[in-house]
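Report on the structure given below.
The values are calculated or read from the model by the stated rules, or taken from the named source; none is laboratory data. Remember, it's a predicted structure, so these values are computed and weren't measured experimentally. Don't worry about glycine lacking a Cβ; one is built from the backbone with ideal geometry, like all the others, and counts go over all protein chains shown. The area values use the complete protein model at the heavy-atom level, side chains included, leaving out ligands, DNA and RNA. Shrake-Rupley method; radii C 1.70, N 1.55, O 1.52, S 1.80 Å.
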Amino acid sequence: TIKIGGVITKIQKIMTKTIFIFLAQFSHYSDVLRSNLFPELARDFKVIVFSPVLDSDAARRDGYLQKDNVEYLKWSLKYPKFWMIMDKYLRVPFVREFDHLSYIQWFYKRPHGKKRRVLMILGAILPKRLMTAGLFTWLEGKLAHPPEEFRKLVERYRPSLLVTATPGFTQFEAEAIIFAKQVGIKTVAINLNYDNLTSNLKLMRKTDYLGVWNNLMKKEALDLHHYPEERVSVNGCLRFDHYFQSETNPIARNE
């Protein structure tokens with residue numbers, strides 16, 4: 001069963017009363033909103049869920065948690081063209097700090113469009129130690145400013161924590177993390193897949209805290225992405241938790 005206590009403990013240490021949760025896609029809704037973690041958060045905090053499709057009516061229709069302190073807000077990406085350019089034409093060709101990994105070496109050998117091939121050739125000239133994911137996260141923070149709509153929601157709810165499924169591997173999450181950094185909200189990613197830290201390295205926007213499945217993923221977070229050890233919590237996997245908790249499941253009954 002997933003050890004959600006680690007994430008909850010870190011959240012409680014921040015002494016937050018309101019949490020923003022940004023979920024980019026259906027698999028994230030299913031994993032996070034139907035997990036045991038979500039009602040525990042809703043028990044202690046006010047929770048505002050932002051997603052591209054879920055408003056209060058859609059959440060009620062689809063059977064997601066309904067409580068007075070839980071709100072669902074339909075939210076769109078504010079700078080879609082900017083994030084497309086950052087991911088496709090800047091991060092992928094120019095982030096070089098992971099070039100020693102076999103997966104990245106294989107990625108470079110794959111077929112690529114003409115524009116990306118030219119950019120990758122240019123990127124190969126640049127020093128690896130300077131072309132880091134963190135450099136582009138800093139650049140994004142300088143260029144993509146939170147719109148008034150986001151600032152008004154922050155002023156209204158005064159959240160102390162912003163939760164995403166992954167550390168910015170989707171553009172929806174990337175924008176939310178960058179906005180949070182600019183207005184001083186702590187961030188945590190809680191629903192990575194097992195290979196995200198080694199397959200999506202170039203798209204990493206480091207959150208303040210990170211929840212991972214196991215100690216191998218924790219080692220990847222520490223060694224590849226330079227997270228402080230005290231900021232990474234081994235929690236198990238939200239996606240598989242229900243297999244071990246259903247009373248009708250033989251695994252849960254240890255049969």
Residues that are of a type in the set (Phe, Trp, Tyr) and more than 22 Å from LEU238 (Cβ to Cβ), drawn from segment 151-210
TYR157, PHE179
Within segment 74-97, how many residues turn out to be over 18 Å from the mean Cα position of the chain (by Cα) and surrounded by fewer than 14 Cβ atoms within 10 Å (Cβ to Cβ)?
3
Counted residues, segment 35-44 - those being touching a helix residue (DSSP H, G or I) at 6+ places or on another chain (Cβ under 8 Å) and either open to solvent by less than 20 Å² (accessible area, probe 1.4 Å) or under 22 Å from SER76 (Cα atoms) (or both):
4
Those residues that are of a type in the set (Ser, Thr, Tyr) and closer than 16 Å to VAL32 by Cβ, I need them from segment 162-194; list them, please.
THR164, THR166, THR170, THR187
Given (1) open to solvent by less than 30 Å² (accessible area, probe 1.4 Å); (2) aromatic (Phe, Trp, Tyr); (3) part of a helix (DSSP H, G or I), index of the condition PHE240 fails:
(1)
I need a count of the residues in segment 72-86 that are of a type in the set (Lys, Arg) and outside any helix (DSSP H, G or I).
2
Residue tally, condition in contact with a Ser or Thr (Cβ under 8 Å, 6 or more places away or on another chain) and among the β-branched types (Val, Ile, Thr), over segment 63-96:
1
With (1) farther than 28 Å from MET217 by Cα; (2) at pLDDT 95 or above; (3) not basic (Lys, Arg) as the list, and LEU135 as the residue in question, which single condition is left unmet?
(1)
Could you name every one of the helices (runs of 4 or more DSSP H) located completely within segment 98-208 that has at least 3 residues being open to solvent by 40 Å² or more (accessible area, probe 1.4 Å)?
102-109, 114-125, 133-143, 148-157, 171-183
When the residues of segment 1-22 are filtered to those that are farther than 18 Å from TYR194 by Cα and crowded, with 19+ Cβ neighbours inside 10 Å, which remaining residue is modelled with the lowest pLDDT?
THR16
Go through (1) farther than 20 Å from MET84 by Cβ; (2) within 14 Å of the chain's Cα centre (by Cα) one by one and return the number of the condition PHE172 breaks.
(1)
Check segment 202-220 and report whether any residue there is modelled with pLDDT of 95 or more, in contact with a Lys or Arg (Cβ under 7 Å, 6 or more places away or on another chain) and aromatic (Phe, Trp, Tyr).
yes
Near pairs, Cβ below 7 angstrom, 6+ apart or cross-chain, from segment 132-159 (more than 26 Å from ARG91 (Cβ to Cβ)) to any residue that is in a loop (DSSP other than H, G, I, E, B)
PRO159/THR16; PRO159/ILE185
Tell me which residues, restricted to segment 209-221, are in contact with a strand residue (DSSP E or B) (Cβ under 9 Å, 6 or more places away or on another chain) and assigned to a helix (DSSP H, G or I).
ASN215, MET217, LYS218, GLU220, ALA221
